[in-house]
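What follows is a short report on a single structure.
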Amino acid sequence: MHPATCHSAKHSFRCSSRAARDEINSHGNYAAAADFNEEVTAVPSVYVITDPCIDVMDRSCIEVCPVDCIHADAEDRVCYIDPDSCIGCDLCRPACPVGAIFTEAGPPAAAVAWIAVNALWFADKAAARAMVETLVL
């Protein structure tokens, strides 16, 4: 593994170099690690993509995701975040040019249904696409 990467699990990061640790800390999400191999533990929030993404699908979020948990197929109208793979690193949210990404705990009230849509896509893509169409109307 490249020495400047962080080994991640659902609830912790172990940074193997100062560069990797600084990348995490530059986003303000994790406390500073005292040395190169100190474990930094945080409970990340799962992120969800909401309606501003419809028919935009800029895909900047996909490009910055370190765990490849954001997906979309050619026939999709939005991108989807896998809640089981998301580590809550917060790299996707600022990369989204339309402000469509929120934490599961913090979407606007009108966007709460998108939590289910994102999770459903990874179990039943057709059902998730149908749900998107009902939310668009």
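A few points about this structure:
- Rounded if a/c under 1.5, otherwise prolate or oblate - the stretch 47-136, Cα gyration tensor axes: rounded
- Cut-off 15 Å between beta-carbons: net charge of the residues surrounding Val132, Lys and Arg +1, Asp and Glu -1: -4
- By average C-beta atoms within 10 angstrom, highest first, the peptides 102-114, 78-90, 49-61: 78-90, 49-61, 102-114
None of the figures in this text is laboratory data; all of them are computed from the coordinates on show. Treat the numbers as computed from the prediction; the structure is a model and nothing was measured. Because the Cβ atoms are built from the backbone with ideal geometry, glycine has one as well, and the counts that use them run over all protein chains shown.
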